[in-house]
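Some notes on the structure that comes next.
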Amino acid sequence: MGMSSVSTGSDAMKLCVFDLRRGQNEGQELDKILFFYPADLPFSTQLSVIGLSEGLITFTRIFSPEVACEVIEAEMHSHVFYEAEPDIWMVMVVEKSKESEAIWRIEALRGVLKEVHSLFVMFHGSIRALLDKEPAGGLIRTHLYYFIMDYLSDFLTVKKLQLPNFRESLKQRGTVQMLTIGREVALEVQSLVKALESSAGSIQCYSLIMYQDLLVSTTLSPDDTVNLFTYAVLRLSPHALSSGVSSWSYLRKGNIAPDVSSGPVLPNSGSALDHNNGSHETSHVGDHRYNAMRPLKHDKWSRGKDGFLVADVWGAEVDRSARTCPAIWLHQTEERMYLCAYQHRNLTLIFLVPVTSIVSEEQGISFMKQQIIENASLKIIKVEEKLSRGWGGENAYHVSGYRYLLVDGDRSTSRATPPGKVTTLTKESLVALSKLREEVDLEKSRVKWDGVGREKDLELCIRAKNNAWVIARLTRGKELFLVLEKANETLLYASDAVEKFSNRYCNGVFSVD
């Protein structure tokens with residue numbers, strides 16, 4: 001559920017990363033290609049796709065020089081654009097299909113591009129910085145290739161690339177999902193955070209605490225919280241560690257290809273890693289001269305006997321005995337931080353300490369772990385027990401009679417109907433919701449183009465073919481999407497149901513009065 005199948009054939013989906021500042025001279029066009037999927041397409045085809053994308057970008061800038069091109073709808077394809085960094089573009093070209101599940105929302109596809117870029121920068125730094133470090137491009141191509149292919153492995157089935165479709169309309173990428181806790185537990189969590197901070201002494205450190213796949217506490221900025229939370233759900237959560245797939249895998253349960261976990265797969269080939277040194281005419285991928293850190297590769301994290309998560313995030317070409325503590329870049333402060341993770345049952349703690357503060361990585365990290373165990377182990381056990389007692393299960397945030405998505409753009413948080421309850425909705429309702437969200441995305445784009453700001457309120461209602469009401473309300477940076485399949489025929493009844501939901505669960509934020 002939640003994904004539309006796209007064949008991995010050459011015409012189905014293409015994803016590329018290119019630099020407009022490179023390859024401007026005749027005979028040097030290949031220099032602009034930093035990543036291309038599928039990697040086994042001839043260079044002539046890759047250049048054709050990138051040349052068309054570059055032309056569309058240049059053409060649309062004539063009419064909108066300040067706002068970058070976002071999407072071009074052609075007869076046979078959708079071209080989704082994202083300017084990840086100045087003159088660094090990511091483009092997804094998706095073939096339009098008559099397949100019943102192939103109904104997607106453009107902003108959801110752009111969300112995939114945004115997410116993989118944000119995660120890449122968190123581990124490797126900006127693409128431009130890597131290009132400046134090694135202008136020939138071998139370093140950035142190696143890192144992008146392994147990183148994006150490992151990311152796409154979550155979307156790959158045996159012969160299909162599963163793109164987010166209309167069944168994912170009650171989900172918002174780029175947000176965190178919070179766990180609601182009472183005052184008593186909040187005080188215990190606050191005490192735990194202080195204990196973690198004391199483990200670093202006078203060193204400025206940060207922490208993020210999760211229960212299962214929900215955020216409990218963070219001392220990071222909103223952007224850094226989203227990035228680290230996203231990664232934790234994908235690879236560090238108890239579910240991700242136990243199953244070998246990310247916690248979002250409920251969307252495609254039972255469909256993961258047997259060989260996906262061992263590495264990304266290219267069409268008509270074996271492992272992507274085996275394909276790495278393919279034909280010169282069709283291969284523009286990683287260079288074995290560079291060690292590729294692979295934090296998104298499956299089975300690279302494991303839980304040690306002491307409760308700390310052990311990382312083996314380097315490629316097969318690196319000595320596997322040399323396990324190290326991964327480091328990430330913070331978006332807000334641009335600091336390089338060591339990532340130390342500890343897990344007790346359903347509680348995951350992520351502790352970040354500046355690289356510059358650790359003289360010897362092995363001894364420094366080992367000492368830090370020892371301090372955490374001494375200062376915080378009892379508090380960790382206590383917090384986990386209290387959270388487990390108060391946890392209402394996977395349907396804790398289900399609201400009877402409603403299927404909903406609540407987004408707070410200012411705080412980058414969201415809450416939604418549990419996935420198991422979303423499956424009860426009919427296809428007609430979900431398609432109507434997807435179309436409604438498309439309209440909201442268009443209206444938000446118009447507001448951005450007009451420079452009006454985010455204060456404009458908006459309400460949209462759609463009556464689906466199955467007579468369900470699909471409603472969106474936006475106000476003061478917050479968004480509410482509701483599906484009411486058993487509502488009365490009148491709009492007044494549906495509107496009253498929205499008012500009741502707003503007053504009871506949203507503190508009246510979306511109420512008309």
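The values are calculated or read from the model by the stated rules, or taken from the named source; none is laboratory data. These figures come from a predicted structure and were not determined experimentally. Methodologically, a virtual Cβ is constructed for each residue, glycine included, from the backbone with ideal geometry; neighbour enumeration extends over all protein chains shown. When the accessible area is computed, the model is the full protein with side chains, heavy atoms only, and any ligands, DNA or RNA have been set aside. Shrake-Rupley method; radii C 1.70, N 1.55, O 1.52, S 1.80 Å.
Numbers below:
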{"quantity": "Filtered residues of the range 354-396 (kept if within 28 Å of the chain's Cα centre (by Cα) and of a type in the set (Phe, Trp, Tyr))", "calculated": "Trp391"}
{"quantity": "Residue match in the range 309-319 (condition: in contact (Cβ under 8 Å) with a residue 12 or more places away in the chain, exposed (fewer than 13 other Cβ atoms within 10 Å of the Cβ) and in a helix (DSSP H, G or I))", "calculated": "no"}
{"quantity": "Residue list for the range 398-425, filter: touching a strand residue (DSSP E or B) at 6+ places or on another chain (Cβ under 9 Å), under 22 Å from Asn466 (Cα atoms), in a loop (DSSP other than H, G, I, E, B) and of a type outside the set (Phe, Trp, Tyr)", "calculated": "Gly401, Thr417, Thr424, Leu425"}
{"quantity": "Unique match (being outside the structural domain of Arg105 (by TED's automatic domain parsing), of a type in the set (D, E, K, R) and out of contact with any helix residue (DSSP H, G or I) (no Cβ under 8 Å at 6 or more places or on another chain)) among Asp408, Asp441", "calculated": "Asp408"}
{"quantity": "Candidate set from the range 493-513 (those that are open to solvent by 70 Å² or more (accessible area, probe 1.4 Å) and in contact with a strand residue (DSSP E or B) (Cβ under 9 Å, 6 or more places away or on another chain)); member that is modelled with the lowest pLDDT", "calculated": "Val512"}
{"quantity": "Selection status of Ile57, more than 19 Å from the chain's Cα centre (by Cα) and open to solvent by less than 40 Å² (accessible area, probe 1.4 Å)", "calculated": "yes"}
{"quantity": "Condition broken by Val245, with the remaining ones in (1) farther than 23 Å from Cys340 by Cα; (2) at pLDDT below 60 satisfied", "calculated": "(1)"}
{"quantity": "Scope the range 363-396; condition open to solvent by less than 50 Å² (accessible area, probe 1.4 Å) and not β-branched (Val, Ile, Thr); matching residues", "calculated": "Gly364, Met368, Gln371, Ala376, Ser377, Glu384, Lys386, Leu387, Ser388, Gly393, Ala396"}
{"quantity": "Which numbered condition Ala464 misses (of (1) more than 27 Å from the chain's Cα centre (by Cα); (2) open to solvent by less than 30 Å² (accessible area, probe 1.4 Å); (3) in contact (Cβ under 8 Å) with a residue 40 or more places away in the chain)", "calculated": "(3)"}
{"quantity": "Every residue from the range 118-166 that is surrounded by 22 or more Cβ atoms within 10 Å (Cβ to Cβ), among the small types (Gly, Ala, Ser) and more than 30 Å from Glu101 (Cα to Cα)", "calculated": "none"}
{"quantity": "Which listed residue is acidic (Asp, Glu), open to solvent by 40 Å² or more (accessible area, probe 1.4 Å) and at pLDDT 95 or above, from Glu83, Glu26, Glu66", "calculated": "Glu83"}
{"quantity": "Filter result for Leu196 (open to solvent by less than 10 Å² (accessible area, probe 1.4 Å) and outside the structural domain of Ile350 (by TED's automatic domain parsing))", "calculated": "no"}
{"quantity": "The range 468-492, residues that are open to solvent by 30 Å² or more (accessible area, probe 1.4 Å) and at pLDDT 90 or above", "calculated": "Lys478, Glu485"}
{"quantity": "Every residue from the range 336-362 that is open to solvent by 60 Å² or more (accessible area, probe 1.4 Å) and at pLDDT 80 or above", "calculated": "Arg336, Arg345, Thr356, Val359"}
{"quantity": "Condition broken by Ile103, with the remaining ones in (1) over 29 Å from Ser429 (Cα atoms); (2) touching a helix residue (DSSP H, G or I) at 6+ places or on another chain (Cβ under 6 Å); (3) among the β-branched types (Val, Ile, Thr) satisfied", "calculated": "(1)"}
